[in-house]
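Report on one structure; see the data block that follows.
Please treat every number below as a calculation from the coordinates, not as lab data. Just so it is clear, the structure is predicted and the values come from calculations on it, not from any experiment. Here the Cβ is made from the backbone with ideal geometry for all residues, glycine too, and neighbour counts use every protein chain on show.
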Amino acid sequence: MKDAFGAPQSLLVLGGTSEIGLATARRLIARRTRTVRLAGRPSPALERAAAELRELGADVRTVPFDALDSASHEEVLGKIFTEGDIDMVLLAFGVLGDQARDEEEPLSAVRVAQTNYTGAVSAGLVCAGALQAQGHGSLVVLSAAAGERARRADFIYGSSKAGLDVFAQGLGDALHGTGVHVMVVRPGFVRSRMTAGREEAPLATTPGAVADAIVTGLRRRSETVWVPGALRVVMSALRHVPRPLFRRLPVR
Amino acid sequence: MSVDTVSLTGWGRTSPTAALRFRPRTYEEAAAVVRGRGPRGVVARGLGRAHGDAAQNAGGSVLDMTALDRIRSVDAVAGTVVCDAGVSLRRLLATLLPLGWFLPVTPATGHVTVGGAIGSDVHGRNHRTAGSFARHVRSLELLTADGEVRTVLPGTDLFGATLGGLGLTGVVLSATLGLRPVTTSLMSVDTARAADLDGVLARLAACGDGTPYAAAWIDLLARGRSTGRGVVTRGEHVPLDALPAHARRTALTFRPGPVPSARALVPEGLLGRAPTALLNELRHRGTPAVRTRQPQRIPAFFHPLDSAPGWSRGRGRAGSVQYQFTVGHGQEETLHRIVRQLTVRRCPAFHAVLKRFGESGPGWLSFPAPGWTLSFGLPAGLPGLARLLDVLDEEVAAAGGRVCLAKDARLRPGLLAAMYPRLPEFRALRGELDPEGAFRSDLSRRLVL
């Protein structure tokens, strides 16, 4: 069960090697979390992540999970919930893709869309159903500020996150009053493995800062969290910039 | 019997969870719900005044007992009452006072049910002399996991597990309570201002058995030399012959005022640090240094918060957290340390009350233990509060004290066994009586009770 400050006792991270996911898990283990399930494609990195969290004193297990294999989600994720309540699900998987290559090879663009959107929709719905059945829990969905307005530099990734974002908002409204809390987290540019070697955007942040914002959001039962918080204002302004002007902006 | 799916929280409005709510009108209907429970079990709920998650059951069933509200009989000679579990203490008082009887233990609100008072084993400001609610329960009818109704008498194991057992041994259906006689519905109240915590402690310690009711309000925002300053309030029932002749005819009238509406128009988040500090300052300065024998009506003395409906909304959207702990006599240093920590952090604590407890009751998980008890509320949205309360838990446990489970919404499960030494017995009895875990709550899941 979550405590009065929204700190969960059991955590399921979908995308078990996600830096934001692991940073969040570390912070939550320091609070109340005792059970962690890291779901992801079996890999040495996943086992390393599990071992690292285990050292912090949590009961950690890895679960083979592939976002692209939507057909398996019901069985794989359903099984985790039958073993005990999950107080918080962190939907952290996603790929950035390579915009230039994706534009050349539609199939690799589809892969980005399938991972970030289709995979998240099926996993999100399975988890939402299980959380609703247990009558409590938080579903934290990692969206992105890139989904707020299409940019030339990453609109394939951005469009997949935009779809995910709207899906999560709608899911949150659908689950209102069922004891399940859905939180959409929209970080800006996060300095991580995923963005290594890319040019940094303004208001760049770190996985740790995103994790802190998630913990605060849980405490406040927020529905939308921007990281850093200033992005909320910046993006709401950018959203209204006319397109001819937006195309010329250096930040796009 | 009405059934609906609702999102429920405790009085502190933190951690909402959804459950199927049944509102039985008869014992048979309640038994049918317990027999036909789902895999996530069932727990009884009264008027929802527990601050934490004691009366929530995520994904399971919640038995709303407030429709079982008959006062079955009053023995006006012997001073006992038999009533359903869903009767509120306030209604009980309204019925009993005109007959010259009073509840021997009254918590700070009248809006708790008899069942809730038993499950939480509530205490009042007279714990030193009257003990907790359990001491005055003569017998109770308990609906257990098998769907049978058992009569539970003091002195038995089931009585010890049920009183303060947070509804986890079964559903209390009715109870027989012992009463105390009064001749008027007035209290004679003495107030005294104390400049610091030592002054408060000294004044509380000086209260003899002659003044049964004693409590102190503490200003947790006062700093420096006035750290822990407060106002000590003592009271006793006014005897009939102390009233002027014209007032004696209506000596036992009881006017509890209007029932608070659930959605009163209190602006959210009104009472932050500065307004709380201002209110505290006004309250402290507004109290005369010493005032004696001020007459007060029973509701004003016992249930001051009932006249401020929806006050908990003033603490913001995230809700509020109540913290109450007790430490033994001789642990005043721990008390000082905790008050200092709260003061240094400038926590906008509200309704901070310091009391002295007498002997423990029969309840295995009952909160009161001999010594000092401090309770206060804080906005749950306060940054760093989770860590601060964890530190206080450690201090309290190290001093051999405990925190109150009926108010808890955030205790670390690992500390529970140290605070409640009879926990293994409680678990064993539950395992025997209810092997499938029919009675469960969010609190029992969170603390692995």
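With a 10 Å Cβ neighbour count serving as the proxy for reagent exposure, in which order, fewest first, do B:ASP393, A:ASP69 appear?
Result, fewest neighbours first: A:ASP69, B:ASP393.
Could you line up B:MET65, B:MET419 from fewest to most neighbouring Cβ atoms inside 10 Å?
Exposure proxy ranking, most exposed first: B:MET419, B:MET65.
Add +1 for every Lys or Arg and -1 for every Asp or Glu among the other residues with Cβ under 9 Å from the Cβ of A:ARG37, and state the total.
Once positives and negatives cancel, what remains is 0.
For chain A, what does -39500 (n - 2.57) per DSSP helix run (n ≥ 4), summed and divided by total residues, give at 222 nm, in deg cm²/dmol to the nearest 500?
When only DSSP H runs of four or more count, the value is -14000 deg cm²/dmol.
Ordered by packing density, taken as the mean number of other Cβ atoms within 10 Å over each peptide's residues, highest first, how do B:49-58, B:28-37, B:170-179 rank?
Result, highest mean Cβ count within 10 Å first: B:49-58, B:170-179, B:28-37.
Sort B:ASP198, B:ASP209, A:ASP87 by Cβ crowding within 10 Å, fewest neighbours at the top.
B:ASP209, B:ASP198, A:ASP87
Given Cα pairs under 8 Å that are at least 6 residues apart, what percent is the relative contact order of chain B?
Contact order relative to length: 19 percent.
Roughly how large, in nm² to one decimal, is the mean projection of the convex hull of the alpha-carbon atoms in segment A:49-185?
9.1
Count charges around A:ALA49 for me, please; just the other residues with Cβ under 14 Å from its Cβ, Lys/Arg as +1, Asp/Glu as -1.
Combined, the nearby Lys, Arg, Asp and Glu give +3.
Determine the sum of side-chain charges near B:CYS207: Lys and Arg each +1, Asp and Glu each -1, restricted to other residues whose C-beta is under 12 angstrom from that of B:CYS207.
Local net charge: +3.
List the equivalent ellipsoid semi-axes of the protein assembly as shown in whole Å, largest first, each obtained as the square root of 5λ for an eigenvalue λ of the Cα gyration tensor.
51, 29, 22
Can you give the convex hull volume of the alpha carbon atoms of segment A:92-150 per residue, in Å³?
Given the Cα convex hull of segment A:92-150, per-residue volume reads 80 Å³.
What does the convex hull of the alpha-carbon atoms of segment B:1-118 project to on average, in nm²?
Answer in nm², one decimal: 7.6.
Report the antiparallel proportion of the DSSP beta bridges in chain B as a percent, rounded to a multiple of 5.
90
Got a sec to turn the phi values of segment B:246-256 into Karplus ³J(HN,Hα) couplings, 6.51 cos²θ - 1.76 cosθ + 1.60 with θ = phi - 60°, whole Hz, x for Gly and Pro?
5, 8, 6, 5, 10, 4, 9, 5, 9, 10, x
Bin by bin, in steps of 5 Å, what percent of the Cα pairs in segment B:163-212 do you find, going until the bin that has the longest distance?
Result, from short to long distances: 4, 11, 14, 13, 10, 12, 16, 14, 7, 0 percent.
Ignoring solvent entirely, what values of log10 I(q)/I(0) come out of the Debye formula for segment A:10-248 at 0.10, 0.12, 0.14, 0.18 Å⁻¹ when each Cα is a single scatterer?
Results for segment A:10-248 at q = 0.10, 0.12, 0.14, 0.18 Å⁻¹ read -0.44, -0.64, -0.88, -1.49.
When you look at the Cβ of every residue in B:8-16, what mean number of other chain Cβ atoms sits within 10 Å?
Whole-number average of other-chain Cβ neighbours for B:8-16 is 4.
Using only alpha carbon pairs under 8 Å that are at least six residues apart, calculate the relative contact order of chain A and give it in whole percent.
Relative contact order for chain A comes out at 19 percent.
What FRET efficiency do you get for B:GLU425 and A:LEU245 if R0 is 56 Å and r is their Cβ-Cβ distance, rounded to the nearest 0.05?
The pair B:GLU425/A:LEU245 has a calculated efficiency of 0.15.
Taking 2.2 N^0.38 Å as the expected size of a compact globular protein, what ratio does the Cα radius of gyration of segment B:72-125 give against it, to two decimals?
1.06
If you take the Cα Rg of chain B and divide it by 2.2 N^0.38 Å, with N the number of residues, what do you get?
0.94
Other chains near A:214-223: what is the mean number of their Cβ atoms within 10 Å of each residue's Cβ?
Mean inter-chain Cβ contacts per residue within 10 Å come to 3.
Please state the shape class of segment A:1-80: rounded when a/c is under 1.5, otherwise prolate if a/b exceeds b/c and oblate if not, all from the C-alpha gyration tensor.
Oblate, because a/c is 1.5 or more while a/b does not exceed b/c.
Using the Cα atoms as the points, what is the convex hull volume per residue of segment B:67-182 in Å³?
Cα-based convex hull of segment B:67-182, divided per residue, equals 98 Å³.
Describe numerically, in nm with one decimal, the distance between label points set 7 Å from Cα along Cα→Cβ at A:ARG193 and at B:ARG248.
For A:ARG193 paired with B:ARG248, the spin-label model returns 8.8 nm.
For n ≥ 4 DSSP H runs only, could you compute -39500 (n - 2.57) per run for chain B, divide by its residues and tell me the 222 nm figure to the nearest 500?
Result for chain B: -6500 deg cm²/dmol, rounded to the nearest 500.
What do you get when you divide the Cα radius of gyration of segment B:39-91 by 2.2 N^0.38 Å, with N the number of residues?
Output field value: 1.43.
Counting Lys and Arg as +1 and Asp and Glu as -1, each charge on the Cβ, what is the dipole of chain B about the Cα centre in debye, to the nearest 20?
1400
Once you place label points 7 Å from the Cα toward the Cβ at B:ARG285 and A:ARG54, how far apart are they in nm?
Using points 7 Å along Cα→Cβ, the separation is 6.3 nm.
Across the residues of B:382-392, average count of Cβ atoms on other protein chains within 10 Å?
Whole-number average of other-chain Cβ neighbours for B:382-392 is 2.
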